[in-house]
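Here's the structure we're looking at; comments come further down.
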Ligand SMILES: *[C@@H]1O[C@H](CO)[C@@H](O)[C@H](O)[C@H]1NC(C)=O
């Protein structure tokens, strides 16, 4: 057994040394399909950025992380997030570190700026406390770009490197759930009708994507909003039988516009590639092993649908779609990651190509 393990190790080391020389990207001695991955978003992607922010939108307590290798980290689910899984599928050996706690991690492989309750609009989610909105996340990225330029010996070298990286942007739910649908805190529903509001959000996203391009980004993964009307929290809050159809319609309207923006940008910015990920493409049903679709796995707080601190989660977590009343379980995150990374098993999930193909796509 010991001998076998050692032989395997030697072989493994040889294989990755060779592939490292052939590919150009050696991440911690392993090969990844892109040199780096930068993550922008909300609680679906947050991996600890809210831990030291004064807000209710944080998940740095049990039972969050119950299935994560290092336990509680601030991730809003029981184990890895979908971008964690996508990172693994891309061949990154370590999880992409959170901007708020880079620690001794290497920023050269990417940084995660995502923040729970954050939106495209600066005010979204702020009734819960602080968060890092998309504009601030992009400002934080500029700081990282400067550090990478220092590290690589100049801005031209940094630009050459950064254009091969992936820029994943998964945000927008909070501009509805924690803004437009809360007229007691936010005036947006009085200022804009739903059609106008979707367009206002898209215009702002479009400007932010241009800012990222100015910072050297060329390969973009843009994720649409999921079925925000089907979370146990929305259903309980609105007292509907089944999903809140109005919420899903708003999410779809926004996502269709985002998909059009992707088409448009691919036509304009010929030095860049944008892909759209449809987060409602696959049907989540019992064929995937789920049996509980409308209840949270953990005991939840009525005010925000988050798990009650220190409560015990359900034991059969693989059967649940939702971990708390808002966020999917890691089981669903894995399936989401799989179909967006490689869409051959679920055509229509990504357009015009999947994440795997985007990683391989060459930018001049
Ligand atoms: C996502 O996929 C679903 C199911 O195929 C479809 O109904 C919906 O229109 C798609 N959304 C977008 C934004 O393309």
* Please go through the range 335-352 and pick out each residue that is more than 16 Å from the ligand (Cβ to nearest atom) and either buried (at least 20 other Cβ atoms within 10 Å of the Cβ) or assigned to a strand (DSSP E or B) (or both). => 337, 341
* Looking only at residues in the range 272-286 that are within 16 Å of the ligand (Cβ to nearest atom) and farther than 19 Å from residue 228 by Cα, which one is surrounded by the fewest Cβ atoms within 10 Å (Cβ to Cβ)? -> 275
* Which of the residues belonging to the range 230-252 are touching a helix residue (DSSP H, G or I) at 6+ places or on another chain (Cβ under 6 Å) and within 13 Å of the ligand (Cβ to nearest atom)? -> 248, 250, 251
* Filtered residues of the range 191-214 (kept if more than 20 Å from the chain's Cα centre (by Cα) and either closer than 25 Å to residue 341 by Cα or surrounded by fewer than 21 Cβ atoms within 10 Å (Cβ to Cβ) (or both)) -> 191, 192, 193, 194, 195, 196, 199, 200, 203, 214
* To do: Mind listing just one residue for me: the one in the range 55-88 that is surrounded by fewer than 19 Cβ atoms within 10 Å (Cβ to Cβ) and farther than 16 Å from residue 309 by Cβ and, of those, nearest to the chain's Cα centre (by Cα)?
  => 88
* Among 103, 91, which is outside any helix (DSSP H, G or I) and in contact (Cβ under 8 Å) with a residue 60 or more places away in the chain? -> 91
* Structure fact -> Exactly one of 171, 225, 177 is crowded, with 22+ Cβ neighbours inside 10 Å and in contact with a strand residue (DSSP E or B) (Cβ under 6 Å, 6 or more places away or on another chain), and that one is 171
* Take the residues of the range 305-330 that are in a helix (DSSP H, G or I) and surrounded by fewer than 21 Cβ atoms within 10 Å (Cβ to Cβ): which is farthest from the ligand (Cβ to nearest atom)? -> 317
* To do: Check whether at least one residue in the range 94-102 is surrounded by 18 or more Cβ atoms within 10 Å (Cβ to Cβ), out of contact with any helix residue (DSSP H, G or I) (no Cβ under 8 Å at 6 or more places or on another chain), farther than 13 Å from residue 32 by Cα and modelled with pLDDT of 95 or more, and report yes or no.
  => yes
* Asked: So which pairs qualify, if the first residue must be in the range 340-364 and free of Cβ contacts under 8 Å to residues at least 40 places away in the same chain, the second must be within 14 Å of the ligand (Cβ to nearest atom), the Cβ gap must be under 6 Å, and the two must be at least 6 apart or on different chains?
  -> 343/349; 343/350
* Has the range 142-158 got any residue that is assigned to a loop (DSSP other than H, G, I, E, B), out of contact with any helix residue (DSSP H, G or I) (no Cβ under 6 Å at 6 or more places or on another chain) and free of Cβ contacts under 8 Å to residues at least 40 places away in the same chain? -> yes
* Return a yes/no flag: does the range 254-268 have any residue that is touching a residue at least 24 places away in the same chain (Cβ under 8 Å), farther than 16 Å from residue 181 by Cβ and in a loop (DSSP other than H, G, I, E, B). => no
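The values are calculated or read from the model by the stated rules, or taken from the named source; none is laboratory data. Note that the structure is predicted; figures quoted are calculated from it, not measured. Heads up, the Cβs are rebuilt from the backbone with ideal geometry, glycines too, and the neighbour counts pull from every protein chain shown.
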